[in-house]
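See below for the structure under consideration.
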Amino acid sequence: MSECLTISESLKAASKLPDGANFYRCALQVNPFAYLARQNKSTSFQDEASYNAAIIAACQDQDIKVIGVTDHYRVDGSASLVKAAREAGLFAFCGFEAVTKDGVHILCLFNQDKDSVLERYIGQCGIHNLDDVSPTGTLDCLELLSQAKEWGAVSIAAHVAADGGGLLKKLSGQTRINAWKSSGLLACALAGPVGDAPQSLKAILENKDAPHRRDRPIAIINAQDVNSPEDLRKPGASCLIKMSEISVEGLRQAFLDPLSRVRLNTDAPAESHAEFVAMAWEGGFLRDTAIHFNENLNVLVGGRGTGKSTVIESLRYVLDLNPLGDDARKAHEGVIRQVLRSGTKISLLVRSYKPSLRCYTIERTIPNPPVVKDESGAVLTLSPSDVMPGVEIFGQHEISELTKSREKLTLLLDRFIENEPSHASRKSHLRLELERSRSRIGDVKREVKSIDDRLAALPGLEETLKRFQEAGLEERLKEKSQLVKEERLLDSITERLVPFRTLHGTLTESLPVDTAFVAAKALDGLPNADVLSEAEGIYARLNGRLLAAAGEIGAALKEADADLTGMRQCWTERQKVVEANYQELLRDLQKSNIDGAEFIKLRRQIEELRPLRERRDSLVRDLAANEANRRQLLSDWEDAKAAEYRRIAQAAKKVSKKLNERVRVEVANAGNRDPLEKLIREEIGGNLTAALERLRERTDLSLPDFAARCREGKDALTQHYNLPQGAADRIAQAPPDLFMRIEELELTATTKIELNTASEDQPASWQSLEELSTGQKATAVLLLLLLESEAPLVVDQPEDDLDNRFITEGVVPIMRDEKRRRQFVFSTHNANIPVLGDAELILGLGASGEGKDKEGQARIRPENMGSIDSRPVRELVEEILEGGKTAFEMRRLKYGF
């Protein structure tokens, strides 16, 4: 794995800290040069030094970090190869291959501090004369395994399924059963996968043969005789073994948990996933603390007040992730404010593999926003979620809090949904278009109502005009009356040009068309840049023509304005003559007590109102078009929501299948009625409790149908939705805009989770979250959280809300399987998570400096950073999580184990 680069000195230092157990390629049956001569093995090497150098070079070429050098009951001939390997930076176990009295070959590997006593151990096997090429000891297989355990060696049954010393071939009957099930035998070696073993032995190797079945399956490793550099290239010569410290204890722990810690060459490789690499703090309770994360399971342990939760909330803060629960949010804010405190800087180094391998540094100083940098230190415009999408962090009791909301539980299904990239943008576009259509329809309806209100006066005005006409004023004031019509006509002539002025303004503002994105610099490096570059010329020509057209439109409008101004001036001159005659006529009419001005005023009012009829007809047509468009939009909107629900429902089925017999997930379409209730309460008010409760109880609620019944009136609401009369009346009398807003709502799906509370040997007993205890609820949700993601999952003390039985039977097995595909960071007081989960990195937190005169500070000692195969870490887990060796031993005795 490539090293992540960063300019942060604190993160550089953190990256050098222990990161727990990692896979090392191991070849544990390498023969020394002396073995070749003694066994008459052909070799091209003339001396031991050249053989040793070639073996070491082949190890380095094959990325083999660990070798075991074994000869038949001999160690003196191995010394030079062991010494050369160690000087070259390889780890070399010295040991010997024992041949037991019953003919079984056993590899015995020792720590380096046992190099000087191996001859004595060989003597204890009854080997005192090395004249034989392959001497046979006086201990049988069981005796040797027991003796090797006392020596502190790790024993491996060499070429276990092969003739010539393989345990399963050499022994038979009860003798073979006893040897195979011996507590001193933790591993056996094959030259390939189990599938290549003899058919008669596969069931034993797979731990499916009843007489040979072990309580703990034996570890199967790839190892075979290595007599040349070429042998090291064979797939069966080496395998990957996970250790935090390369030692006999490291091998022992790996063999105790082979599913987690042993990987054969034929096994599927680990899946690359996004991960936290390192973290460091400057200031606050965690000042000068740093962590080098493991890519798999990381577990924080420590007493109360040592900073475990502070680490979790620091991750949440630097990644700018919001808690899902209200209580979790308050707890998070409290940690940031009171424990980390203002001015503290949190730095996080992350590694992302999609779309390509890249490392980023994320830094955040309280209370400022986070900053994302690339490997060179350049500040990017990206957010933490851009470079580490999908990370999930849950504080203490937050999972339990999450179980109280079926709406929030639906969010947990997101990672199982096969998202269509265009779906979110389509929904957003539809929502925006619906809002626009509602606004347009509302505007048109308001304008129609305004016109109707004004036109309501027209019949009365026309009746009054009729009486004036009967009095003969129409004929006497005909010229002035026609002038009023002409005035309105002149206004209409000018108004008709407004759309063209708007069009010209829009076109002018939009020009020239931007060509920067198709310029030569922008296209540099693209394979078809020569073709795409033609766009710049096309746009240039288009710009020229559009600018010319805009100029012509502008000139045409200007010319029309000038002509219209001249026309109006001509009309005004003639108007003056008519106006003079009109004034004289008014004076004559006044002598007869007739108000000619009132007639002209009436005529002007009528002429102003009559065009509104045309406008109203146009608006009615516009309204019909908008309503038709809205019907189509609503249909598309319902289709989009239904498609999304189908994807969520499919995700629920997928989860249920993955958690077969443990958790069942069902989703209810439009189950979240809160948006509808909130809208109705805010817009209508009053006592609506009973009405809203009946809407909530409807399992088949359709928003389009409900909005249609609202428009039909209270009787429809009462009949179809059984709403109380008073509430139905108030809802039906609401503005039409409310009914359109109801149509635009999105009622998200709600999730129902059921947990099988029966033991493995009992019939299934399914109970919904509402029926479960707090611990069972959290267990069901955590099982779901563990699945189907490549982004890190961080949980603070999950056992606070979990039942212990479900941790061991449900959570740990899934966590062990999923940690190969994603990174976990847990804090815990429960030994089952780091021990049964086989945590690759256990971090032991402590606190110092507490007291009246000292400011508390968390600390993680380097020796307390490692896996269970590290003695200091093992002792720490024993002390913190088990209450010490005495307490653990007392519990064991009381349980009768």
Revision key, fill the gap. Checked pairs for segment 431-448, first within 16 Å of Phe739 (Cβ to Cβ), second among the aromatic types (Phe, Trp, Tyr), C-beta under 8 Å and 6 or more apart or across chains, list as Leu434/Trp637
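For segment 281-292, give me each residue that is under 12 Å from Leu17 (Cβ atoms) and assigned to a loop (DSSP other than H, G, I, E, B).
First, the residues of segment 281-292 that are under 12 Å from Leu17 (Cβ atoms): 289-292.
Of everything in segment 281-292, just one residue is under 12 Å from Leu17 (Cβ atoms) and assigned to a loop (DSSP other than H, G, I, E, B), namely Thr289.
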Review point. Does segment 75-90 contain at least one residue that is at pLDDT 95 or above, basic (Lys, Arg), under 30 Å from His273 (Cα atoms) and in the same structural domain as Pro229 (by TED's automatic domain parsing)?
Key: no
Check your understanding: Would you call Phe826 of a type in the set (Phe, Trp, Tyr), touching a strand residue (DSSP E or B) at 6+ places or on another chain (Cβ under 6 Å) and either at pLDDT 90 or above or not in a loop (DSSP other than H, G, I, E, B) (or both)?
Key -> yes
Practice item. Go through the residues of segment 258-279 one by one and say whether even a single one is within 20 Å of Ala179 (Cα to Cα) and not assigned by TED's automatic domain parsing to the domain that holds Ser385. Key: yes
Practice item. Have a look at Tyr35, Tyr51 and point out the one that is in contact with a helix residue (DSSP H, G or I) (Cβ under 8 Å, 6 or more places away or on another chain), over 30 Å from Ser260 (Cβ atoms) and modelled with pLDDT under 95. Key: Tyr35
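Residue under question is Ile56, and the condition is that it be in contact with a Ser or Thr (Cβ under 8 Å, 6 or more places away or on another chain), assigned by TED's automatic domain parsing to the domain that holds Val117, within 22 Å of Asp115 (Cα to Cα) and among the hydrophobic types (A, V, I, L, M, F, W, C); does it hold?
Values: in contact with a Ser or Thr (Cβ under 8 Å, 6 or more places away or on another chain): no; assigned by TED's automatic domain parsing to the domain that holds Val117: yes; within 22 Å of Asp115 (Cα to Cα): yes; among the hydrophobic types (A, V, I, L, M, F, W, C): yes.
No; evaluated as a whole, the condition is false for this residue.
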**Study point:** Filtered residues of segment 767-813 (kept if assigned by TED's automatic domain parsing to the domain that holds Leu319, under 23 Å from Leu259 (Cα atoms) and free of Cβ contacts under 8 Å to residues at least 60 places away in the same chain)
**Key:** Asn804, Arg805, Phe806, Ile807, Thr808, Glu809, Val811, Val812, Pro813
Review point. Looking at (1) of a type in the set (Gly, Ala, Ser); (2) surrounded by fewer than 21 Cβ atoms within 10 Å (Cβ to Cβ); (3) under 22 Å from Leu787 (Cβ atoms), can you tell me which one Gly395 breaks?
Key: (2)
Review point. So which residues in segment 293-336 are of a type outside the set (Asp, Glu), more than 23 Å from Val372 (Cβ to Cβ) and part of a helix (DSSP H, G or I)?
Key: Lys308, Ser309, Ala328, Arg329, Lys330, Ala331, Gly334
Check your understanding: So which residues in segment 151-186 are touching a helix residue (DSSP H, G or I) at 6+ places or on another chain (Cβ under 7 Å) and either among the hydroxyl-bearing types (Ser, Thr, Tyr) or at positive phi (or both)?
Key -> Gly152, Ser155, Ser182
Review point. Can you name the residue in segment 770-781 that is surrounded by 20 or more Cβ atoms within 10 Å (Cβ to Cβ) and in contact with a helix residue (DSSP H, G or I) (Cβ under 6 Å, 6 or more places away or on another chain) and, of all such residues, is nearest to Leu412 (Cα to Cα)?
Key: Val781
Review point. For Thr43, are the conditions met, namely being modelled with pLDDT under 95, outside any strand (DSSP E or B) and farther than 30 Å from Phe824 by Cα?
Key: yes
Exercise for review: Report, by residue number, each residue of segment 613-629 that is farther than 25 Å from Asp453 by Cβ and either over 43 Å from the mean Cα position of the chain (by Cα) or in contact (Cβ under 8 Å) with a residue 24 or more places away in the chain (or both).
Suggested key: Asn629
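Can you confirm whether segment 355-372 contains a residue that is touching a Pro at 6+ places or on another chain (Cβ under 8 Å), outside any strand (DSSP E or B), of a type outside the set (Val, Ile, Thr) and at pLDDT 95 or above?
Checking segment 355-372: at least one residue is touching a Pro at 6+ places or on another chain (Cβ under 8 Å), outside any strand (DSSP E or B), of a type outside the set (Val, Ile, Thr) and at pLDDT 95 or above.
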Exercise for review: May I ask you to list pairs of residues, at least six apart or on different chains, whose Cβ atoms are under 8 Å apart, with the first in segment 143-160 being within 10 Å of Leu109 (Cα to Cα) and the second being of a type in the set (Asp, Glu) and not in a helix (DSSP H, G or I)?
Suggested key: none
Study note, to complete from the structure: Residues of segment 678-724 being without any contact (Cβ under 8 Å) to a residue 60 or more places away in the chain, part of a helix (DSSP H, G or I) and in contact with a Lys or Arg (Cβ under 7 Å, 6 or more places away or on another chain), in sequence order, are Leu695, Arg696, Ala716, Leu717, His720, Tyr721
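The values are calculated or read from the model by the stated rules, or taken from the named source; none is laboratory data. For clarity, every value in this text was computed on a predicted model and none was experimentally measured. For neighbour counting, all protein chains shown are included, and Cβ atoms are generated from backbone atoms with ideal geometry for every residue, glycine included.
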